[in-house]
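A.B. asks: Structure provided below as structure tokens; questions to follow.
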Amino acid sequence: REVVVNWTLTGRPEQVAVTLRNGALTYVAGARAANAGASVTLARDTFDGIVLGRQTLAEAVKQGAATLAGDLSSATLLFDVLDRFDAGFAIVEPRRPQ
């Protein structure tokens, strides 16, 4: 799978071009990729909510919290390939009695 997405985070404006190619995710801060399949503009809080799984990108676009130019599936593919795990796991546990 290969996908290129331009992200613009509003507020302090921040631009990032993200590329997923051959299982490697890379980014270039302060850049726009000419070959992007999608360009997304949203607030940092909305982006954080999507990354944390509180909402999907499609929901954010539908609610008007994000704007999208291009193919929605290109942008959502980035999140579809990420591993899901329990963020509340114990990193260090007390020693168990033997």
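The values are calculated or read from the model by the stated rules, or taken from the named source; none is laboratory data. This structure is a prediction, so every number in the text was calculated from the model and none was measured. Positions of Cβ are generated from backbone atoms using ideal geometry, with glycine treated the same way; all protein chains shown enter the neighbour counts. The protein model used for the area step is the full one, side chains on, heavy atoms only, and it has no ligands, DNA or RNA in it. Shrake-Rupley method; radii C 1.70, N 1.55, O 1.52, S 1.80 Å.
A.B. asks: With the other protein chains left in place, how much accessible area per residue, in square angstrom, belongs to the chain at a 1.4 angstrom probe?
C.D. replies: Dividing the accessible area of the chain by its residue count gives 71 Å².
A.B. asks: Continuing with the same structure: Write down the percent of antiparallel bridges among all DSSP beta bridges whose residues are both part of the chain, to the nearest 5.
C.D. replies: The antiparallel fraction comes to roughly 75 percent.
A.B. asks: Same structure, new question: In whole percent, how big is the carbon plus sulfur part of the accessible area of the chain, probe 1.4 Å, protein atoms only?
C.D. replies: 52 percent
A.B. asks: Which percent of the Cα-Cα distances in the range 1-79 go past 20 Å?
C.D. replies: 24 percent
A.B. asks: While we're on this one: Please compute the net charge surrounding ARG21, taking Lys and Arg as +1 and Asp and Glu as -1 over other residues with Cβ under 14 Å from its Cβ.
C.D. replies: Net of charged neighbours comes to 0.
A.B. asks: Turning to a different aspect of this structure: With a 1.4 Å probe and all protein chains kept in place, how much accessible area does ASP48 have, in Å² rounded to the nearest 10?
C.D. replies: Surface accessible to solvent at ASP48 totals approximately 50 Å².
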